[in-house]
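As structure tokens, the structure follows; a few thoughts come after it.
Every number in this text was worked out from the coordinates using simple rules, so none of it is lab data. Small disclaimer: the values here were computed from a predicted structure and weren't measured. Cβ: placed from backbone, ideal geometry, glycine included. Neighbour counts: every protein chain shown.
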Amino acid sequence: MNTKPDRLRQTRVDFLIHNLSLPIRWDVGRVTFRPPGWLLKRLNQDLAKRDPFGKWSRDGLTEWKWSSASVSIKARRIDTADEEAINHATDAIAVARLYQRSLVPAWGLDNQTFGPMSVYDTKPERTWRSVGNKVVGVSARNTTVASWAFRRDWIRAFRSRPAFAFLDDALRMPDPPAGTWQQRAISCVRTLNLANPMQSEPIRLVLQAVALEALLGDDPPPSPRRDFRGQAHPVAQRAAFLTCEVDGTHLPRDGTACIDLTAASASAVEKDPRLKGRPADFWDWPCTYYWHIREVFGARNAALHDARDHFPRHTAMRLESRVDDVILATLDWVVVTGATSLADLDAAIGRLPRA
């Protein structure tokens, strides 16, 4: 059937954000986070008194105590508008959660997080325990996460750090070109946002390593038939350069960069005589900036390749803070230096004085 397509219309899509509260409007990328109560007030203004959908539209909003999000887009169909708006909001939430964690880096925020209703509005999980043919216990395990409230001064300071101004601008771009820092940064925070506390520990650990690869992994080989080299070493080396003070005033006494920053491969690093007798699961020496990222990949390998499902408590939360540090240091460096590609970063590492 031939039909004339609907014209593009400016459409605002609003939806609820579970566990998030903020005192003022906050724009992140193409999304506007609203204070609690804004959506109900706006619907009362926009809906006609006898609108047949009025009561249904407001259902539950009187009791709703969290914030909402608004996305304004041009769309021809309602369903595509919803889908596009949710995608934009998910990206903005990923950046907002990264900002949240940066505000209180010494805290563990696994229990204080926020996001779409579909992800975080969990109900208590009921279980029944039986021995033989007799029920011996019934319980409800509450999996609901706690709320988080941004302060007014935090919201106003959001763009004061170069990394967050970069992410905010990147989210407003129409599809950043592949290989650019904007594309790498968005892919990274999207992936890290999937590693949220509602996922199992092994899945979170795998996704954390993937997020680092998205940001600092090698560019694709020129031939599609060539495989990538192992990424643990190059990613850890780039991360160490960005997070360790190697500006020439903090180098060792001989004035050269350490092997972790100059070695061409992981095997070359592992031949360092300082590593003799080092336990395989000891990641804090001799260069914490390098080996802490190697630990992220070690945890990924244990979860993915060894099918390990038990890790020390809060492992994912602890390693997430390292990933956060690398993301912010990378984007700060990109803004300050004006770098446009991964090649610029590798060139900077290549200029380090070597033994």
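Here are some notes:
- In this simple spin-label model, placing a label point 7 Å from the Cα along the Cα-to-Cβ direction at both Q10 and T340 gives a separation of 3.4 nm.
- Note on the chain: Lys pairs 8 or more places apart or on different chains, Cα atoms under 20 Å apart, count 6.
- Estimated inter-spin distance, D306 and W154, nm [label 7 Å along Cα→Cβ]: 3.6
- For T340, net neighbour charge (Lys/Arg +1, Asp/Glu -1) across residues whose Cβ lies under 13 Å away: -2
- Extension gain (nm, one decimal) between A106 and D218, 0.36 nm per residue minus Cα-Cα: 37.2 nm
- Once you reduce the stretch 304-318 and the stretch 183-239 to the center of their Cα atoms, the two points are 17 Å from each other.
- The candidate values are [x] 25, 50, 22, 3, 0; [y] 28, 57, 15, 0; [z] 25, 42, 26, 7, 0; the one derived from this structure for P(r) over Cα pairs in 20 Å bins from 0, in percent carries the label [x].
- Acute angle (nearest 10 degrees) that the helix 232-243 long axis makes with the longest principal axis of the chain, alpha-carbon atoms: 80
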